[in-house]
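Scroll down for the structure; my scribbles are underneath it.
FYI, it's all coordinate maths here, none of it is from the lab. Since the model is a prediction, treat every value here as computed from it, not as a measurement. Heads up, the Cβs are rebuilt from the backbone with ideal geometry, glycines too, and the neighbour counts pull from every protein chain shown.
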Amino acid sequence: MKIRFPRHHNLTIALHWTTFGIIIFAVCAVLLRDVVEASEVRLLLLNLHRSFGVVILLLVVARLIARFRISSEHVSASLPKGIRLLSQAAHTALYLFLLALPVTGWLFSNAAGKAVSLFGLVNLPELIAKNRDLADQLGDVHETLAWLFIALIGAHVGAALWHHFWRKDDVLRSMLPVRLLRTLAPINKG
Ligand code: HEM
Ligand code: HEM
């Protein structure tokens, strides 16, 4: 299959979709706690949430390094200036959330007197000492940021679908793995 439009680098695409999958796991793990009663399972889900969150932090750091090191032709270069600026602002906000959420979650856990580990295999350093009042505040900040992030993801997905089905451009296809590109044909214009 010949690809005749600029695509994101394969590494960017791999990191984008891996991060997406892990965010789904992290959010499902923490929300499942509301419907589970057994305390061991609730603790397991919380520890999974924390570990997935830390993996997201590592992936986003890798992604930001890759973003500044890989220079590739970008499909958004052909978009009108207004849309380009809006999408740059949305992507910057997504990156800020991807950094702020794991950091506030980690601080929140430490302030509540809980150590953070990576799937029980590696113990991570304590960033701050136990402090109940601070823990309450950090918990509120983490949870508010989490819901704003989920709303922004909704808008981001809506924008990707709008590009593909309404504007009929190549923005969505530029972020798809080659295998999927074969199944998602271009939409005929006009
Ligand atoms: C991108 C990464 C993350 C996302 C999207 C995320 C999202 C969320 C969400 C949606 C909630 C539930 C909010 C609510 O019940 O209203 C939550 C709670 C929580 N998160 Fe995160 N989080 C992330 C990373 C982390 C990390 C890295 C840690 C700790 C190391 C952490 C620790 C917690 C804790 C302790 C809670 C409270 C759980 C409870 O009381 O049931 N989070 N997070
Ligand atoms: C957890 C969910 C998601 C997060 C955190 C996320 C985050 C991001 C970020 C930060 C970028 C900017 C990449 C860059 O240029 O550096 C991006 C690009 C993109 N995302 Fe997502 N994304 C998510 C889910 C999705 C989904 C479900 C879709 C498709 C339905 C999607 C489609 C795209 C597309 C097409 C681009 C390229 C935009 C462009 O080239 O201007 N994303 N995403």
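For this structure, a couple of remarks:
- Adding -39500 (n - 2.57) for every DSSP H run of four residues or longer, then dividing by how many residues the chain holds, sets the calculated 222 nm ellipticity at -22500 deg cm²/dmol.
- A Förster radius of 30 Å, combined with the Cβ-Cβ distance separating LEU96 from ASN10, puts the computed FRET efficiency at roughly 0.75.
- Charge tally in the Cβ shell below 15 Å around ALA115, where Lys, Arg are +1 and Asp, Glu are -1, ALA115 excluded: +2
- Exposure proxy ranking, count of Cβ atoms within 10 Å, fewest first, for HIS156, HIS164: HIS156, HIS164
- Sorted peptide list for 112-119, 36-43, criterion being average Cβ within 10 angstrom, highest first: 112-119, 36-43
- Region 121-190 versus region 36-68: alpha-carbon centroid distance in Å: 14
- Among residues other than LEU45 with Cβ under 13 Å from its Cβ, the summed charge is 0 (Lys and Arg +1, Asp and Glu -1).
- Axial C-alpha extent at least 30 Å, average Kyte-Doolittle at least 1.0 - helices from the chain (DSSP): 10-32, 39-69
- Taking other C-beta atoms within 10 angstrom as a stand-in for reagent exposure, ASP34, ASP140 fall in the order ASP34, ASP140, fewest first.
- Amide H to amide H, with H built 1.01 Å from N, SER117 comes under 5 Å of LEU124, counting only residues 5 or more places away or on other chains.
- Between the amide H of ASN131 and those of ALA112, GLY113, distances stay under 5 Å, these residues lying 5 or more places away or on another chain, with hydrogens modeled in the peptide plane.
- Net length available on complete extension from HIS156 to VAL35 is 40.7 nm, with 0.36 nm assigned per residue and the Cα-Cα distance removed.
- When the Gaussian network model of the chain links Cα atoms closer than 10 Å, the mean-square fluctuations of TRP17, TRP106, TRP166 top out at TRP166.
- Only lysine pairs 8 or more places apart or on separate chains count here, and in the chain those with Cα atoms under 28 Å apart total 6.
- Sorted into 5 angstrom bins from 0, the C-alpha pair distances of region 1-129 split as 2, 9, 15, 19, 17, 12, 9, 7, 6, 3, 1, 0 percent.
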